[in-house]
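What follows is a set of notes on a single structure, which appears directly below.
The values are calculated or read from the model by the stated rules, or taken from the named source; none is laboratory data. A quick note: this is a predicted structure, and the numbers were derived from the prediction, not measured. Glycine gets a Cβ as well: all are built from the backbone with ideal geometry, and neighbour counts include every protein chain shown. Each accessible area value is taken on the protein alone, full model and side chains, heavy atoms only, with ligands, DNA and RNA left out. Shrake-Rupley method; radii C 1.70, N 1.55, O 1.52, S 1.80 Å.
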Amino acid sequence: MTVKVGIIGCGGIAKGKHLPALAQVEEVEMVAFCDILVERAEEAKEMYGTTEAKVYTDYKELLAENELDVVHVLTPNSSHAELSIAAMEAGSHVMCEKPMAKTSEEAREMIAASNRTGKKLTIGYQNRFRTDSRYLHEVCEEGELGEIYSAKAHAIRRRAVPTWGVFLDEEAQGGGPLIDIGTHALDLTLWMMNNYKPKYVVGKTYHELSQTKNAANAWGPWDPEKFTVEDSAFGFIVMENGATIYLESSWALNSLDVKEAKTTLMGTKGGADMNDGLSINGEAHGLLFEKKVELETGGVDFYDGTGEDPALLEAQSWIDAVINDTEPVVKPEEALVVTEILEAIYKSSANGEPVYL
């Protein structure tokens, strides 16, 4: 079966993850590319499109002129809902980049559109497809850690503020590191816990370093006038069953404890962390133990005959779900809960009170 794919948004995440991954999926043909900057769409077509692939600057024309099996929505957060809903209503299954949407209301509208049209919807949380993540998820599913009642979601950069595109624009993105990289850490943590019922959230965002001029930064100094989002954010989430999650995120923070898209889990039978590789800890025969997992020897794939590249695993798994009419690994209802919690952290920070969900 050939799966005809259209791409809306041909910027960094498209070129860095989706396009090269989809190009390696045998069943995929990329036949339409759209970007507000036509040269980006043309470049994507030249590198990854079929000979007859078309280029657009208006997504509505792309959807109207093509019969697409799948559309990948790879645009700023503020347009995720609009574009995803339009694509599903046009008859396409949708892979939308993370986070699901700028607001939880928009995310719920996306799920409603999926249910209404019968089209699949998934969100680009590719860190689930890392070898360590897949191994740890199987450990959790088998009950090796027991009931996970406390966890930490880590997304800490010391100085790595993205200075390109609209990352610093609150209107376009809805926030900074919390919604950008904190979302990955939270998704991983909820997935491991298999717990999607938050009760209330307390959070605080900070703008302490964003106004620093000529700051040291991985991608060069940022412009303080354009830095309208938080530079760090922290949240405490209490679940309905009493479990708790501490979420930490930053693009700029005076800390050497740097870790991104990682989780720490504490259960009734054991614990796990991704701090230095993957380790499982617990107690047996009256003594404590720590088990280091050799990740290079291979893990458990979602399907046969694949490598270990998370982006490729994500793309192949998603296309397989479309072809075989099965559920995607990242379900939209799970991604909605991530968005609800992130939104609650922002609200809690703004009003200084807990937010009940």
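Annotations
- Centre-to-centre, using Cα atoms only, segment 14-40 and segment 45-59 are separated by 8 Å.
- Solvent-accessible area of segment 168-296 (1.4 angstrom probe, protein heavy atoms only): carbon and sulfur portion equals 49 percent.
- Amide proton proximity set for Lys199, modelled H, under 5 Å, gap of 5+: Val238, Met239, Glu240
- Largest mean-square fluctuation among Phe129, Phe33, Phe289, in a Gaussian network model of the chain whose springs join Cα atoms under 10 Å apart, belongs to Phe289.
- Look at the alpha carbon pairs under 8 Å that are at least 6 residues apart: their mean separation over the length of segment 15-117 gives a relative contact order of 19 percent.
- Gain in span if fully extended, Lys199 to Val258, counting 0.36 nm per residue against the direct Cα distance: 18.4 nm
- The chain: most fluctuating residue of Ala153, Ala284, Ala21 per GNM, C-alpha cutoff 10 Å: Ala284
- For the chain, built as a Gaussian network whose Cα springs stay under 10 Å, the top-fluctuating residue of Ile179, Ile148, Ile123: Ile148
- The calculated FRET efficiency for Asp325 paired with Glu105, based on their beta-carbon distance and R0 = 30 Å, is about 0.55.
- Cα→Cβ-extended label distance, 7 Å offset, between Thr51 and Glu138, nm: 4.4
- Accessible surface of segment 1-131, 1.4 Å probe, proportion on carbon and sulfur as whole %: 45
- Pairwise label distance in nanometres, Ala216 with Tyr356, each label 7 Å out on the Cα-Cβ vector: 4.6
- Backbone geometry of segment 207-220 corresponds, through the Karplus equation with coefficients 6.51, -1.76 and 1.60 at θ = phi - 60°, to 3J(HN,Hα) couplings of 10, 8, 10, 5, 9, 6, 8, 6, 6, 5, 6, 4, 10, x Hz, x marking Gly and Pro.
- Zero-based 5 Å bins, Cα pair distances in segment 1-114, whole percents: 2, 13, 25, 26, 20, 10, 3, 0
- The ellipsoid that matches the Cα gyration tensor of segment 34-187 has semi-axes, each √(5λ) in whole angstrom, of 31, 20, 16, with the longest given first.
- Annotation: amide H-H contacts under 5 Å for Thr212 (H modelled 1.01 Å from N, sequence separation of 5 or more, or interchain): none.
- Taken about its Cα centre, segment 177-288 carries a charge dipole of roughly 280 debye when the Cβ of each Lys and Arg holds +1 and the Cβ of each Asp and Glu holds -1.
- For Glu260, the residues whose modelled amide H falls within less than 5 Å of its own, excluding neighbours fewer than 5 places apart on the same chain, are Ile156.
- Charge context of Glu29, other residues only, Cβ under 13 angstrom, K/R +1, D/E -1: -2
- Net dipole in debye of segment 1-101 [+1 Lys, Arg Cβ; -1 Asp, Glu Cβ; about Cα centre; nearest 20]: 340
- Given +1 at the Cβ of Lys and Arg, -1 at the Cβ of Asp and Glu and no other charges, the dipole of the chain around its Cα centre is 840 debye to the nearest 20.
- Using 0.36 nm per residue and subtracting the Cα-Cα separation, the extra length available between Arg158 and Glu333 on full extension is 59.8 nm.
- The lysines within cross-link reach of Lys204, meaning a Cα-to-Cα straight distance under 23 Å and a gap of 8 or more places when in the same chain, are Lys98, Lys102, Lys152, Lys226, Lys259, Lys262, Lys347.
- Residue by residue, segment 28-43 carries 3J(HN,Hα) couplings of 8, 10, 8, 10, 8, 9, 9, 7, 5, 9, 4, 5, 5, 5, 5, 5 Hz when phi is fed to the Karplus relation 6.51 cos²θ - 1.76 cosθ + 1.60 (θ = phi - 60°); x denotes Gly or Pro.
- Projecting the Cα atoms of Asn254, Met100, Gln316 onto the charge dipole of the chain, computed from C-beta unit charges around the Cα centre, puts Asn254 farthest toward the positive end.
- Isotropic mean projected area of the C-alpha convex hull, segment 27-84 (nm²): 4.1
- Phi angles across segment 62-69 convert, under the Karplus curve 6.51 cos²θ - 1.76 cosθ + 1.60 with θ = phi - 60°, into 3J(HN,Hα) values of 4, 5, 6, 9, 10, 9, 9, 6 Hz, Gly and Pro given as x.
- Pairwise FRET efficiency - Lys292 versus Lys269, Cβ, R0 = 25 Å, nearest 0.05: 0.85
- When nucleic acids and ligands are ignored and a 1.4 Å probe is applied, Lys98 ends up with an accessible area of around 30 Å².
- Per-residue SASA entry for Tyr149, accessible area with 1.4 Å probe, Å² rounded to 10: 120
- Unit Cα scatterers, Debye sum, the chain: log10 I(q)/I(0) for q = 0.07, 0.10, 0.13 Å⁻¹: -0.30, -0.62, -1.06
- Taking only the Cα atoms of segment 74-147, the ratio Rg/Rh comes out at 1.12, with Rh defined as the Kirkwood radius.
- If you take all other residues with their beta carbon under 14 Å from the beta carbon of Lys259, and give Lys and Arg +1 and Asp and Glu -1, the sum is -1.
- Entry note, the chain: relative contact order of 20 percent, from Cα contacts under 8 Å with a spacing of 6+ residues.
- Heavy-atom accessible area for Trp219, with the other protein chains in place and a 1.4 Å probe, reaches approximately 120 Å².
- Among His80, Met239, Gly124 the positive-end extreme of the charge dipole of the chain (Cβ point charges): Met239
- In the full protein context, the chain carries 45 Å² of accessible surface per residue, based on a 1.4 Å probe and ignoring ligands, DNA and RNA.
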